[in-house]
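Just so it is clear, none of the values below were taken in a lab; they were calculated from the coordinates. Note that the structure is predicted; figures quoted are calculated from it, not measured. Note that we place each Cβ from the backbone using ideal geometry, even for glycine, and neighbour counts take in every protein chain shown.
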Amino acid sequence: MIAIHAGGLAGVWLLGWDRPVNLARLALFGVIEIGRYWVLWSLGRVWSTRIIVLSGAPMVASGPYRLFKHPN
């Protein structure tokens with residue numbers, strides 16, 4: 001995961017250093033990042049990169065999961 005993210009950032013820097021900043025895409029990225037942190041904050045200690053089912057654990061029903069069921 002670290003290599004994929006680092007490679008993506010390196011690709012943006014190497015291929016886009018001489019291009020102007022697209023403000024709409026930058027704003028979209030900001031909104032997505034806010035959503036990502038909302039998800040991480042809502043899941044708290046049960047967040048993991050692994051796809052596992054914790055038997056007996058209650059469903060998370062806060063944050064975005066008030067509106068959508070968590071896929072795990």
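In the chain, the longest principal axis of the Cα atoms and the axis of helix 23-43 are about 20 degrees apart. A run of the chain free of exposed loop cleavage sites, with chymotrypsin sites (Phe, Trp or Tyr not before Pro) counted only in DSSP states other than H, G, I, E and B and at most 10 other beta carbons within 10 Å, reaches its longest extent at 18-67. Rounded to the nearest Hz, the phi-derived 3J(HN,Hα) couplings of the range 49-61 under the Karplus curve 6.51 cos²θ - 1.76 cosθ + 1.60 (θ = phi - 60°) are 7, 7, 9, 9, 10, 8, 5, x, 7, x, 5, 6, 10, where x marks glycine and proline. Scanning the chain for trypsin sites (Lys or Arg not before Pro) in DSSP loops with at most 11 neighbouring Cβ atoms within 10 Å leaves 1-49 as the longest stretch between them. Shape call for the chain from the C-alpha gyration tensor, a ≥ b ≥ c root eigenvalues: rounded (a/c under 1.5), prolate (a/b greater than b/c) or oblate? Because a/c hits 1.5 or more and a/b fails to exceed b/c, the chain counts as oblate. Between helix 2-16 and the chain there is an angle of about 30 degrees, using the helix long axis and the longest principal axis of the Cα atoms.
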